[in-house]
Structure formats: structure tokens, C-alpha cells
Amino acid sequence: MSYTGFRFNANLNADKIFIDYSNLPDTIQHTFFITIRNQSVSNLYFKITSFISNWTVTSPTDGKLGEVGSGATSAFVVTISRSKPATETIDTGYLRIEAFTDSGYTNLVGYVDLNVTIYIEDLENWTDVIINSFDDGTQQGWSLSGGLSIANDRSIEVGGYSIKTSAVAGGITTFYIYKTITLPNRNKVRTNFYKSLYLYSGATGGFLALKNVSVKVNDVKVFDIPFDVIGYNVSSYASVSLGWYKFCADLSAYKGQTVTLRIEWTLSSSYALAGIISWLDRIVIAGKD
């Protein structure tokens, strides 16, 4: 009788990362999700290290993701960062996922490398650019689902407007906007948008989350985060504002086509006295060769 080795696999929610250059801070932070499935008969402890040029793992600070039980699958949130480049750039490399048998991360039993390409692109200065900032106080051709309205209490631009959700408390609500639009007839086509959150709680705190953010073209998902994107435990009689967060999707497969573009997201609250509100602003659709 012989014994097999340790078995696990890891998957990124995307191996190509698109980041819009506009409004980036001097140190860029990008958060992504990684799913690890441990198919071994033993529990394993996992660590992530960046071998992508210019990028380092900043959360978790030591790269130690934690334990995944035998036969279990876990999703982890990872943040990487780099200094802001002077111009558009493409960073390539890989993320290494290492497996250890001990919580001290000393007994390495295997690893996998996940290739990653990161595109930092100045979308608002591309050849063809469409910007919907809602700053005239209108929907600018977008159809809004129930619970959405144009508001001027929060915006990327000073004195501007954005799309605001109603408050979600003690439940789950999915919101969406859509618009029929002719995409730029260029080899590279992207869309970018911003989201912000306000979370609050009454006498009893609760867990609040933005989840299931997706971009669809003709009902086909081209960008999808199918779980909690931002989750936050708010204590009693407390509130917090978060954002702005940027999301970027690749639309190149539909260049030059007239399509229905749909942006969708879900807000959830674990308790009736804990609420969450979100804003969506400055949708950019850009293309260049």
C-alpha cells in the first residue's frame, strides 16, 4: 500500500485585472477573491505571495490566509498594492499559493502558481469615451430598477449627482440599471464605475454587505463577483461610510455592437435595525486600438 500526496486547487475570480487610472491614489490598492479547495485527507494552512511585477500582498499583511478543512472549500479576500505609475502600464507575473500542514506555516507540502496580468489604463483619455456622471440631475438614458433614484448627496464630482438606492434593512434587495448603447468599435473596450456605501445600526448591530456585483452584456455576465464584495459588522448606534470603490469590466468581445449593458448589485442586512445604502456614479465606457 502506498500513500498519495496532498491535493488542493485554487482559483482567482479573474486572471486579468483591469484598473482605471482616473482618481487613483498614489498607492494603488486592488482587492480580489481567491477560492481554495482542499481535496486532501488532512486540514491545510494556506499562504499567498505575489510574484507580479511591482505588486505586493498587503492584506493579509503576512499573506497567511488560514486553514481549509479536509474536503472543504473556502473563499478569501486578498489586497495587493503598488505605487501609482506615471502612465498606462501592464504588470505581469503570478500569485503563489502555498500549502502547509501546520498553523506555524513551517511544513510546506505543495504550491500552485496562478498567472495574473494587470492592466492599468487611462480610460478617460482613450480615443472614444462616453461618460455618464448624472451631473445634470437626470438618468442620462439609463433605466433604473425599483428603489433607485438620482440624488445629489454623494458624488465623485463636487456638487454632482449619482444613482442612490433606498435603504435595505433586515433583508436582501437586488438593484440594477441598464441601457442600450453602441459600444466603441475599437480593439479594446472597457467600462468603469464607482460605488460608495453608508451603513448604520440602531439598538442592535448587524452585518451589512454589498454583494453579487456584476456587469452583463445582453444578459451575459462579463464581470461577476458572486459573493460578499464588502462586508462590515456595524456595532449598535454606529454608522460608517465606505468608498469610493472602482469596478472595471472588459467589453472588448462586443466592440462596435449595439448592446444592452446592465450593472447589477445586491445589498443585504442581517437585522431590521441595521441598514445599508449605496451610490453608483460616473459610468465610463471607453475604447481604443
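The values are calculated or read from the model by the stated rules, or taken from the named source; none is laboratory data. In this text, all values refer to a predicted model and were calculated from it rather than measured experimentally. FYI the Cβ positions are ideal-geometry reconstructions off the backbone, even for glycines, and counts take in every protein chain you see.
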Exercise. Just give me the residues in region 12-26 being crowded, with 16+ Cβ neighbours inside 10 Å and in a strand (DSSP E or B), in sequence order.
Key: 12, 17, 18, 19, 20
Practice problem: Restricting attention to region 140-190, report how many residues are surrounded by 13 or more Cβ atoms within 10 Å (Cβ to Cβ), among the polar types (S, T, N, Q) and assigned to a loop (DSSP other than H, G, I, E, B). | Solution: 5
Quiz item: So residue 49 fits all but one of (1) of a type in the set (Val, Ile, Thr); (2) touching a Gly at 6+ places or on another chain (Cβ under 8 Å); (3) part of a loop (DSSP other than H, G, I, E, B); what number is the exception?
Solution: (3)
Exercise. List the strands (runs of 3 or more DSSP E) that sit entirely inside region 236-289 and contain at least 3 residues that are surrounded by fewer than 17 Cβ atoms within 10 Å (Cβ to Cβ), in contact (Cβ under 8 Å) with a residue 12 or more places away in the chain and hydroxyl-bearing (Ser, Thr, Tyr).
Key: 239-250
Quiz item: Somewhere in region 73-86, is a residue part of a strand (DSSP E or B), exposed (fewer than 13 other Cβ atoms within 10 Å of the Cβ) and under 24 Å from the mean Cα position of the chain (by Cα)?
Solution: yes
Quiz item: Before we move on, is residue 119 surrounded by 14 or more Cβ atoms within 10 Å (Cβ to Cβ) and either modelled with pLDDT under 95 or over 26 Å from residue 228 (Cβ atoms) (or both)?
Solution: no
Quiz item: If you check every pair at least six apart or on different chains, which have Cβ atoms under 7 Å apart with a residue in region 132-145 that is closer than 16 Å to residue 285 by Cα first and a residue that is among the acidic types (Asp, Glu) and surrounded by fewer than 17 Cβ atoms within 10 Å (Cβ to Cβ) second?
Solution: 133/157
Quiz item: In region 34-82, how many residues are among the hydrophobic types (A, V, I, L, M, F, W, C) and over 23 Å from residue 115 (Cβ atoms)?
Solution: 2
Quiz item: Would a scan of region 91-110 turn up a residue that is among the aliphatic types (A, V, I, L, M) and outside any strand (DSSP E or B)?
Solution: no
Quiz item: Do you know which of the residues in region 52-64 that are in a strand (DSSP E or B) and among the polar types (S, T, N, Q) is surrounded by the most Cβ atoms within 10 Å (Cβ to Cβ)?
Solution: 58
Quiz item: So, in region 1-31, of the ones that are under 23 Å from residue 231 (Cβ atoms) and out of contact with any strand residue (DSSP E or B) (no Cβ under 6 Å at 6 or more places or on another chain), which residue ends up modelled with the highest pLDDT?
Solution: 25
